[in-house]
Amino acid sequence: MGNLCECLGNFFGRQKNTNVRVSLPAVCFIWQIAMIILFGIFIRYDEESDVKKWLEHKKSANISSNIENDFYFRYPSFQDVHVMIFVGFGFLMTFLKRYSFSGVGFNFLIAAFGLQWALLMQGWFHSLDPVTGTISIGIESLINADFCCAGSLIAMGALLGKVSPVQLMVVTLFGVTLFAVEEYIILDLLHCRDAGGSMVIHAFGGYYGLAISWVLYRPKLHQSKSLNGSVYHSDMFAMIGTLFLWMFWPSFNSAITDHGDGQPRAAINTYLALASSVLTAVAISSLSQKKGKLDMVHIQNATLAGGVAMGTAAEFMITPYGSLIVGFCCGIISTFGYLFVTPFLEKTLKLQDTCGIHNLHAVPGMLGGFVGAIVAAFANEDVYGKEGLKHVFDFEGDFANRTPGTQGGFQAAGTCVAIAFGIVGGGVVGLILRFPIWGDPADDNCFDDDVYWEVPEEEEIIPPVLEYNNHMIHKHQDISESNFSVEQS
Amino acid sequence: MGNLCECLGNFFGRQKNTNVRVSLPAVCFIWQIAMIILFGIFIRYDEESDVKKWLEHKKSANISSNIENDFYFRYPSFQDVHVMIFVGFGFLMTFLKRYSFSGVGFNFLIAAFGLQWALLMQGWFHSLDPVTGTISIGIESLINADFCCAGSLIAMGALLGKVSPVQLMVVTLFGVTLFAVEEYIILDLLHCRDAGGSMVIHAFGGYYGLAISWVLYRPKLHQSKSLNGSVYHSDMFAMIGTLFLWMFWPSFNSAITDHGDGQPRAAINTYLALASSVLTAVAISSLSQKKGKLDMVHIQNATLAGGVAMGTAAEFMITPYGSLIVGFCCGIISTFGYLFVTPFLEKTLKLQDTCGIHNLHAVPGMLGGFVGAIVAAFANEDVYGKEGLKHVFDFEGDFANRTPGTQGGFQAAGTCVAIAFGIVGGGVVGLILRFPIWGDPADDNCFDDDVYWEVPEEEEIIPPVLEYNNHMIHKHQDISESNFSVEQS
Amino acid sequence: MGNLCECLGNFFGRQKNTNVRVSLPAVCFIWQIAMIILFGIFIRYDEESDVKKWLEHKKSANISSNIENDFYFRYPSFQDVHVMIFVGFGFLMTFLKRYSFSGVGFNFLIAAFGLQWALLMQGWFHSLDPVTGTISIGIESLINADFCCAGSLIAMGALLGKVSPVQLMVVTLFGVTLFAVEEYIILDLLHCRDAGGSMVIHAFGGYYGLAISWVLYRPKLHQSKSLNGSVYHSDMFAMIGTLFLWMFWPSFNSAITDHGDGQPRAAINTYLALASSVLTAVAISSLSQKKGKLDMVHIQNATLAGGVAMGTAAEFMITPYGSLIVGFCCGIISTFGYLFVTPFLEKTLKLQDTCGIHNLHAVPGMLGGFVGAIVAAFANEDVYGKEGLKHVFDFEGDFANRTPGTQGGFQAAGTCVAIAFGIVGGGVVGLILRFPIWGDPADDNCFDDDVYWEVPEEEEIIPPVLEYNNHMIHKHQDISESNFSVEQS
């Protein structure tokens, strides 16, 4: 027994080896080949992107014009979401002074893998044709696949700088899988509405990342403290991420809502909530400093809380001022989180959360879920109309008899399911990632691109300083010489 | 009397205090709460984004498909405009070496506030329902709100580096208010057409900012001269702003033009004028330097002049080569402005214009207004068709008898109204901003993020230099020691 | 004869003069004026952007709604393509440490000229009205003009850092001209399909640039070696270019495909191929380094190979897994190219290819052409349906009797035509560019913005270092003084 312990101790405590020359190519190749095989077996074009099916569908459904193809309803939103996933999330994670390559590069890698796996997982759960055994994909599938990746990219935020790309691939593999399952439970079984994913994306992704990070706690992380911060220009790169997320969040929340009134309403609500978040995030940030100075961390993150919190309610009739109130509160809560909760969690719960996803995704996502529940519970025919109520909440088929009140209950239950999946799933994945085979860096080697990237030598020649230095050398030599002469004399 | 003077002198001349810890949070909180209350009273969804109204509207207007919802006509343009406001204007103002946080951050703050206030102000003037006393908002309202912010963001360009965020909020509060009034006069009373806002946005915003800057003249601004310039990477960040403005300007000018032919025509005209501006801006920039070297200031700004100048005429039948001519001239004029007019204005008129908005917005906007007037005056049934003339110029209702010639006159009058509002409004706002309560920086403290931001310590480790320095230290010590020994000996 | 040789030798070998103060403004002005004149003669609005024609067209074609205007089918894709041309290509070429201004600035200049010239050239070849002698332009023309520029921008990649802006204008003038001719041969005479331009854009542009670069071989380029590399932040700027290209490539390949099923299919196929490229590019990049470290050059470029290679086949029924396979292979081939082929070409063929367009455009473009040929050859009625086959391959009019097999042959022939035009055209243009009148830099002066730009002095004040230096100065002085005293004593 003692031997076993020792043996395990040696195994888990052995010198960190960050060489991923075998594991990273192996994971990329094998998983990509698996994708090709599974796509070959399962994935087909849907009736809006297959030429034969579309021509038949147009006839049978009596569609008069090609503009009725779902592509024209959703493609602009899809592209906005795509930008959020790759530029938004990617650049948001470039704020560290020497981890920008990894921030944007690993985000790129895992999203490119995740969206393929998501098409399969979501396809199996939501649109597997029982007759042909195939999955039909269209533009809406691509949006959903991007959404599904977002869960894992959020989790990456908590782990930023502390894990290897191979570990991130594992996080994504399980993250996408868990996502598809919890999404199936929440949207299909509980019949919740969650167009912008407050529950299924943000609450799940946030708690998933936090749970993994908790399991992977590094007691000596302070050894990498000097690199766990930003420089002037890395903060500017992060602002690119922030702004593209902020600007396109209305598209995120409206991308898969109902055609017609649903999309504009979701866009308007999100637009307003985000604007409101900016003002309260700035206010709290300024209040928190002796001289009223603003902190880039808050501007980069807490301004987005309103978008996260509107993920569920955006498509409901929350009213414009309701949206402003949600943004108002979440801007405050999120900034407070960065000021007090993250340091507190690190100190007491041993929870290291590099990007503060607790304050940007986990808590606002959870709140967004409950806001959605409340708004749903108070829905009524006066506001929605009889037909509208059915239309917005899909009270059809098995769910024809549901009332708004019941729906509110189910929405709240859905939020809890998302959080539970995040915490439990993250815990298990964290344990898997503790195996010492994944190439993660040592505690004194975190937040450093140099571990996984060929970083260019920084000979950024700064002419005046250099000249000045040269000048000094000359003076120096003069001194040395004169000095020498003194010695000689 | 003497006492009063002295007292006032002391009041206005007292030591600058840049602490905004009370004022900034107060402004953000109070104004945001005011927005929530006013939105609660006035703002409702319009018939295209309210589920009940949309279902009724579809029936009553006999709309066959959801794709007829205005959302699908305008949303892609809206998102492009949104990018221009937040990334375009924001990053264009990051060119200063140590004011990038403020450039992009304050732009973010005031646009987020401005768009809310704009929805209210524009709503009251343009779409207040006399029966219910409410304002209905939809996607077009969001575009107009973004446009309305643009006026104040332009003004910010003249003030960049010299004012506090609280002052910028005040600039925006009044800017949006003035904008709504002048827009009402120009578009509703004078019945001008100004889809891309040469008059209402650029001429107004430009002169508004210049007037404020003139009143806030800082005689000792040269004390901050060392920070009033760019570095290599800050110029690159500014190019992000330039390019997103340049690329999306066709969307800006076509965002709220007529469905059908109006939007593509406005996009094509703007696209051509912008392309033409680039070539002449490059030509003049190269001509102006001894060795033909290009100046980033011109490339970042004057290349955009064609888009500004097409703001009014883009939706008219100005012809493709007409658009090229407008761009050709404005590229030249704008670059000349940067070379000669801005220095002249600073020297003789005491007008400090950090971003040169005089050359990018004020003058091209004014010219755009007059170009629009000329093109309108020469409109005729041969080119537009009888129905088309009515359609493009809205010669309907009270204005059914207007001729193109008259319309041209009104367009020219509209341009003058915009300029007058800018100058007079800016003068008054400038006086308000001279009160020494707003936390603006001292003359030797301008263009510095450090005043309002927690700026990260710049320990961007440059390995070879550092090593070299260490090396020097050692040599140094050797010297000191040897030196010491000499002294001893 | 000997005299002539000597004379020519002197002429071609004379001291490089990089002053473009005459040539650059002259080229910009004269060519822009020529554009205005030619636009005045030839270019008109088409029936979807001319108010009179649109109102008539709506009536005659019985169009019920303005949403049927082509603008609403293509404008979102157009804007995405526009971003790729200006931000995508522009920022991709900012990776060099001191050539970022030129990378993004010259790209801006030549694309702004190229798109005007492309509207004329493509108009003359594709849509010159034989009756009126005019060319009608609409949104699709703008997309095609942007595409046409892409060919020359690709060529710029091979020449980056080694040529003057005047030479780039010449490259664009001829590049656009050659493009229009080869496109006419490939699309109209051979009746190939090439919606995303694997052949006409990438294979042509790639070989065009390589041929020019080969003719302009600089044997002493190693003298500029110190500037032919990246620094940390220039690599980050390049990632902006990479990501915007990567994200919007689905729009690139679907922008001008058929309304209805064609656009979503092209978008889906491209989306999948790109995702697949990322994984294999990462895998090979990691494999190639001793410690499995990733190389930014591969991530910035090879990840895009899947999009290039899907340019032809994206609109066909290549199947989702077929797209993944194409991306899989091209990610590998492209990364191998950067590792082995580019160094090999430089050593043996004397081919200097700054951005490695051989691996990103030439080879994947050629492969994409052949992939398209194969997919076309295997098309059949089972998959496409009878009507669909006609629809996708335009088997109408003169080409009504073509079979998929024949079509495949023509597609392959088209690829060869594109390559031939690139190599021969590039050779001739290269010879023209060897005349010593264009202001190109000397071999020891390449890759340096300082030649063509007013570069800001880099006094980026780094506080701690500065303080430290000041400290040193003081210490220094102490020494000097003490030293002096020693000497005195």
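The values are calculated or read from the model by the stated rules, or taken from the named source; none is laboratory data. Keep in mind it's a predicted model, so treat the numbers as computed, not measured. Methodologically, a virtual Cβ is constructed for each residue, glycine included, from the backbone with ideal geometry; neighbour enumeration extends over all protein chains shown. Keep in mind that these areas ignore ligands, DNA and RNA; they rest on the heavy atoms of the full protein, side chains included. Shrake-Rupley method; radii C 1.70, N 1.55, O 1.52, S 1.80 Å.
Take B:E457, push a point 7 Å out from Cα through the beta-carbon direction, and compare it with the same point in every other copy: 2.8, 2.8 nm, smallest first.
Peptide A:239-246 is shielded by partner chain Cβ atoms: per residue, an average of 5 of them sit within 10 Å of its Cβ. May I ask you to give the percent of accessible area on chain B that is carbon plus sulfur, with a probe radius of 1.4 Å? Carbon and sulfur: 62 percent of the exposed surface of chain B. For the stretch C:18-74, a Kirkwood radius taken over Cα pairs fed into Stokes-Einstein (37 °C, viscosity 0.692 mPa s) yields D = 227 µm²/s.
For the stretch B:361-434, the solvent-accessible area works out to 44 Å² per residue, with a probe of 1.4 Å and every protein chain left in place.
Note on the stretch B:236-379: Rg/Rh from Cα positions, Kirkwood definition for Rh, rounded to two decimals, is 1.00. Look at the Cα gyration tensor of the stretch A:171-275: its axes a ≥ b ≥ c give a/c of at least 1.5 with a/b at or below b/c, and that counts as oblate. Between C:K290 and B:K290, the FRET efficiency from the beta-carbon distance, with R0 = 45 Å, is close to 0.35.
Annotation: amide H of A:L351 within the under-5 Å range of A:E346, sequence separation 5 or more or interchain, hydrogens built in the peptide plane.
Over all pairs of different C-alpha atoms, the stretch A:375-440 has a mean inverse distance whose reciprocal, the Kirkwood radius, equals 14.6 Å. Interface between chains A and B: roughly 7600 Å² of accessible area buried, both sides summed (probe 1.4 Å, protein heavy atoms only). Here the simple spin-label model places points 7 Å from the Cα toward Cβ, and for C:I30 and A:D444 these points are separated by 6.7 nm. Here A:K347 is the anchor, and the lysines within straight C-alpha reach of less than 23 Å, apart from those fewer than 8 places off in the same chain, are A:K162, A:K220, A:K225. Once each part is reduced to its C-alpha centroid, what is the distance from the stretch C:122-167 to the stretch B:35-62 in angstrom? Spelled out, the Cα-based centre of one part sits 45 Å from the other.
Couplings for the stretch C:382-392, taken from phi via the Karplus curve 6.51 cos²θ - 1.76 cosθ + 1.60 with θ = phi - 60°, read 4, 7, 8, x, 5, 5, x, 4, 4, 5, 6 Hz in order; Gly and Pro are left as x. Take each peptide in C:202-214, A:356-368, A:189-201, B:126-138, count the other Cβ atoms within 10 Å of every residue, and average; sorted highest first, the result is C:202-214, A:356-368, A:189-201, B:126-138.
Amide H to amide H, with H built 1.01 Å from N, A:Y45 comes under 5 Å of A:I137, counting only residues 5 or more places away or on other chains.
On the rotation that sends chain C to chain B, the chain C Cβ lying closest to the axis gives residue and distance in whole Å as C:P76, 2. Accessible area per residue for the stretch C:256-316, computed on protein heavy atoms with a 1.4 Å probe, is 13 Å². Only DSSP H runs of four or more residues enter the estimate; each adds -39500 (n - 2.57), and after division by the residues of chain B the mean residue ellipticity at 222 nm equals -20000 deg cm²/dmol.
Beyond 62 Å, the tail of the calculated P(r) for the protein assembly as shown holds 11 percent of the Cα pairs.
Relative contact order, whole percent, for the stretch A:2-145 stands at 29, derived from Cα pairs under 8 Å and 6 or more residues apart.
Checking the a/c ratio against 1.5 first, then a/b against b/c, what shape does the Cα gyration tensor give for the stretch B:54-167? Oblate.
With label points set 7 Å from Cα along Cα→Cβ, the inter-copy distances at C:P219 are 6.7, 6.7 nm, sorted shortest first. Among residues other than A:H82 with Cβ under 15 Å from its Cβ, the summed charge is -3 (Lys and Arg +1, Asp and Glu -1). A straight Cα-to-Cα reach below 14 Å connects A:K290 with the aspartates and glutamates B:D450, B:E454, residues fewer than 8 places away in its own chain not being considered.
Spatially, the stretch A:66-114 and the stretch B:315-366 are offset by 37 Å when compared through their Cα centroids. The value of relative contact order for chain A, using C-alpha pairs under 8 Å at least six residues apart, is 22 percent. Inter-copy label distances for B:C416: 7.1, 7.1 nm (label point placed 7 Å from Cα along Cα→Cβ; shortest first). Within the same chain, lysines fewer than 8 places from C:K59 are excluded, and of the rest, those with a Cα less than 30 Å from its Cα are A:K58, A:K59, B:K58, B:K59, B:K386, B:K390, C:K390.
Rounded to the nearest 20, the Cβ-based charge dipole of the protein assembly as shown about its Cα centre (Lys and Arg +1, Asp and Glu -1) stands at 800 debye. In whole percents, the pair-distance distribution calculated for chain C from its alpha-carbon pairs, binned every 10 Å from zero, is 4, 18, 28, 23, 14, 7, 3, 2, 1, 0, 0. Accessible area per residue for the stretch C:1-155, computed on protein heavy atoms with a 1.4 Å probe, is 35 Å².
Computed from backbone phi with θ = phi - 60° and the Karplus coefficients 6.51, -1.76 and 1.60, the 3J(HN,Hα) list for the stretch A:409-414 is x, 5, 4, 4, 4, x Hz; x is used for glycine and proline. Residue by residue along B:56-63, Cβ atoms of other protein chains within 10 Å of the local Cβ number 1 on average. Remark: the stretch A:74-178 carries a charge dipole of roughly 480 debye about the Cα centre, counting +1 on each Lys and Arg Cβ and -1 on each Asp and Glu Cβ.
Between B:I437 and B:L189, what is the FRET efficiency for a Förster distance of 35 Å, r being their Cβ-Cβ separation, to the nearest 0.05? Result of the calculation: an efficiency of 0.45.
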